[in-house]
1. Among helices (runs of 4 or more DSSP H) lying entirely in the stretch A:108-202, which contain 1 or more residues that are free of Cβ contacts under 8 Å to residues at least 12 places away in the same chain?
2. Hey, any hits in the stretch B:484-492 for a residue that's within 9 Å of chain A (Cβ to nearest Cβ) and over 19 Å from residue A:39 (Cα atoms)?
3. Please verify whether residue B:254 is touching a residue at least 40 places away in the same chain (Cβ under 8 Å) and closer than 30 Å to residue B:371 by Cβ, treating the condition exactly as stated.
4. For the stretch A:22-41, which residues satisfy the criterion of being in contact (Cβ under 8 Å) with a residue 12 or more places away in the chain and of a type in the set (A, V, I, L, M, F, W, C)?
5. Of all residues being crowded, with 24+ Cβ neighbours inside 10 Å and β-branched (Val, Ile, Thr) in the stretch B:255-293, which is nearest to residue B:387 (Cα to Cα)? Just the residue, please.
6. Search the stretch A:365-394 for residues that are in contact (Cβ under 8 Å) with a residue 12 or more places away in the chain and within 11 Å of another protein chain (Cβ to nearest Cβ) and pair each with any residue that is in a strand (DSSP E or B) and hydroxyl-bearing (Ser, Thr, Tyr) when their beta-carbon atoms are under 9 Å apart and the residues are at least 6 apart or on different chains.
7. Does the stretch B:305-323 contain any residue that is more than 17 Å from residue B:194 (Cα to Cα) and within 14 Å of another protein chain (Cβ to nearest Cβ)?
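The values are calculated or read from the model by the stated rules, or taken from the named source; none is laboratory data. Computed from a prediction, not measured in an experiment: that's the story for all the values here. No Cβ is skipped: glycine too gets one built from the backbone with ideal geometry, and neighbour counts run over all protein chains shown.
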Amino acid sequence: MSATQVEPGLAREHAAGTGVRRTFDLALITLFLVALASPTLDACLRSVDERTAAHHEMRSVLEFPPTPRTTAALARFPTYVEGWFKDRMGLRDQLLRLRAHVRGLGFGVSPIEEADLAPEAWTFLRGDASREAWAGALTFTQNDLEAWEAALRSRADACRALGAQHLFLLGPNKETIYSERVPKTWHKFGPTRFEQLLAWLRERQTVEIVDLRPALWTAKAQDQPDEREFLYFPLGTHWTPRGDYVAYEVFHGRLKQLFPALSPPTLYSELLRQPFSGEGDSWAYRAFLEDVYTQPVYIMLPPKPAYYPAGVYGDGRRMIVALGPDTHAPRGILFHDSFGTNVSGLLAPHFSRLHCCWTSQLDLELIRREKPDVVMELYVERMMANTDPRTMHVTLPSDDALQRELERAPVFVLKREHFPEIVAGAGLSLRLAAESSGILRLRLERDGGYVVLPRLPEFQEPNGAGCVVNIEIIAADETDLALLPMRTGEDTPRRVHPGSAHLVSGWNAVRVRMPYIPNLERFALRPGRVPGRYVIVSFEVRPAEWDAR
Amino acid sequence: MLFSSVTFLFLFLGLVLAVHFVLPRRARNLWLLAVSLFFYAWGETVLVGLMLLSIASNWIFGISIERQREKGGGRALLVAGCTFNIGLLVLFKYADWIWTQIGVLLVTTGARDVPPEALGALLPAESMWRDVLLTADGHVRLPIGISFFSFHALSCLIDVWRRDARVPRNPLDYALYITLFPQLVAGPIVRYKDIATQIVSRIVTREGFASGIRRFVIGLSKKVLIANICARGCDGVFAIPSAELSSQLAWLGIVCYTLQIYFDFSGYSDMAIGLGRMFGFEFRENFAHPYISRSVTEFWRRWHISLSSWFRDYLYIPLGGNRGSSARTYTNLLIVFVLCGLWHGANVTFLIWGVYHGLYLVLERAFLGRALERVPALLRHAYLILVVMVGWVFFRADTLEQAWSLLGSMAGRAAPGAHLHPLDQHLDPVLLTAIVCGVIGSTPWLERALAWRSSLEQRGRVGATVALELAGLGALCVLFVGSAMELAGASYNPFIYFRF
């Protein structure tokens, strides 16, 4: 090593020292090498599941990327590998937790950008521009307000045109109800978008948003701060069971006005308190502060819950169809976001059938199919921070000819009167439910078992675009459904041109597009590959040309 | 792969060190070359070929110049070699910008109605080179570290021409000089003559290795615990529209940037120097507490020393330096600083920044320097800090308009929406701590502490020396764990499930 190149200050820094310096040098080298190796050692000692922090981040750990085969893939490969390593690095969870404690407890600053810490162990969401929205820094222009009004009116009009009442509720953000608890760095300058819109609509009186704030403010008086019992999770953003119940009460009151025969509301004291494993809605958990910041987590269930299977649509949207005990009760659809999941469970017993769909898109096709008495929408206030009202606008087809065609459309819907025609094939037993809803219960005894469904009307145009089959089916396990066409004169299903769909465990709404099959007479359905129980809730076939409209 | 990444720290570095010290000495250079190329390819994948082309070409140029020089010739080869390196730099770093400026000029003068398509559009749409040479938006890709390895190569060619250095006969030694991963992507600019003997033969001592660790950990923490935190503060301020930017926030933003750029760059240099020492190399210092300077002239003796000395030795002095008339000296200074500005990036803001510093150097040489000597040291220091901070506004801004706007806010221009961004939403206790530590860390307190420790040691104060060593070791542990903690935090990637 050339000593002449070392500047004076530097020379002092690593001049050969005394025994003391040599001892400390050795200690430093040892510690450094141990520090470099420690994540690898941890990775050897603890499995990925034990050491990953991904469950705090509510996501899956990244998999190792496939071998790159193109120049572009090669360029991305290192980034993917780094992502894979970061996710699986040993001690990552410990380092994140340490960082959270240093920042959160040492500096009083949130360890994550998505949420802010507030006094008395509260957290408030920063994401979705919540702070700016609360402060009044994001305001609507008159054009925005007009666009929102037009969008809401279009939704109400569309529902009424389809024979359903319409209710639109906005759940306030936590900071709207607990504004006295926001972090000290949050400052209010003016009205929120929610306040602007409510004022605008009240003035115009063209369309209504059901305002949940007064009920929540009133109920807030019953909070028990010592028990950390509030209407919103102090560490999260959502309603606690009490908050859900307040929203349910308001909902019920409005529904009662629309349907006087609606069953009386369930009292809060009648609800069954059940423990809930996990941290619940907690940013403290996501921020690795759950050992310091705690809150009570439980759920409240109706005493007689509706039949309540959950599932997903083929396009990934979450949906639930709840079948209530009273078949004469109204039918409803609830479009909602995360604020609607628990409220829907409380509402369900008041409906004969309540279809809940986690989306802010008003699905007119679903409304046509379900023929509900009421369409309800429940979203949280912060949706207004990042939703363009023009995307909320819906338009019903105004063409009379199309309307007439809709009415004439040769749609086949499986009903109770078709049940005598249904034949169980080999490997499947059949139970025809007596309910008016026309539910078909199947028990698959072995893979390959199938059921032959009734004869279809002749609606396929020669050399046309085939047909589309919509099936709502409940499966016990993840499996694959097969739809097997049968032509005139055939006794057993053909294996040619089968349609298929992947089923998840629970409720599935699948859409299978079938090609044009000459002389198609009926379908056989193999509900899945996994032996067990299946329930076909609805089965509908329609020509693809009609469906495309 | 950045030094301040968990992949480098907990995967690459440990493995490279372990194998390096297991291998026999003669194989170590080959190992370092292999891992350096891997390090570069990790960031640039296909464009590692460009660097290999540069290495091969420059080695041949160097050998040829050396041979021709012995015969009294070689100037044409030197010109060709310099043209090749500057050409590469222009092609990859400036061509896009120059092309765009020409387009703007053509439109401004009415020669064209619309500017020509981007330079990348000249490549056929189906060409495989598009993936290699262009970014996703069709611009020419800037290969990582091209400014550094081009300047390395240029310095080597010129030193060979000047007979200050000899090109190694083994091309792998030359390749190692260019690619050596500690200094490859962000310097310091190492001259071949400074490390020629170290490439051939070097010894790693326990003291050297430990001092490398100290330097590396200090550099890492400068980057992660100060620069990165200040960067978040600065980015937040620079994202605010000018109509909503208060004067105090504008100053906060530029204070953050002033600390960010110093601790980022000097931290990286510290890590490079530290890593070099771990492998037995000794690189020159690149920073010497520039913010304690009392004039712009002094600042440039302390800031990015390897770059300023490169420009001094290979441009300013060949242009005539200060040996001619005052006017000639001022012109030379301005030429150097225009190019120094452009070296940092192809943008008019860098050009302005270079001219701005060049003008202050000219003014100080003309009269301001003498005037400054008559004012108290504190005022001189304030002058320097103010000049440098205003300069950083141009350096950081994306456009000239943004720079002028920020300067306006700093000067107190009224902003009707300023109330929308209260100071306490930007200046949290973590940032405040980073700023305070940054200000303290900009002074030479550590050197003074080390000098004090040495004096205690020389006076035989064993107890005090041990206590200081223990404190130092503890501090390094805290800095390392704190940095690892922040790096892990940067990998935190929550999925906000209720986005609509």
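1. Result: A:142-161.
2. Within the stretch B:484-492 (the criterion being within 9 Å of chain A (Cβ to nearest Cβ) and over 19 Å from residue A:39 (Cα atoms)), the answer is no, since none of the residues qualifies.
3. yes
4. Of the stretch A:22-41, the ones in contact (Cβ under 8 Å) with a residue 12 or more places away in the chain are A:38-41.
Residue satisfying the conditions is A:41 alone.
5. So the residue we want is B:258.
6. Sorted first by the residue in the stretch A:365-394, then by its partner, the pairs are A:387/A:379.
7. No: zero hits.
To keep it simple, each residue is scored yes or no on (1) at pLDDT 90 or above; (2) more than 28 Å from the chain's Cα centre (by Cα); (3) surrounded by fewer than 20 Cβ atoms within 10 Å (Cβ to Cβ).
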residue: B:31; (1), (2), (3): yes, no, yes
residue: B:37; (1), (2), (3): yes, no, yes
residue: B:44; (1), (2), (3): no, no, no
residue: B:49; (1), (2), (3): no, no, yes
residue: B:57; (1), (2), (3): yes, no, yes
residue: B:62; (1), (2), (3): yes, no, no
residue: B:66; (1), (2), (3): no, yes, yes
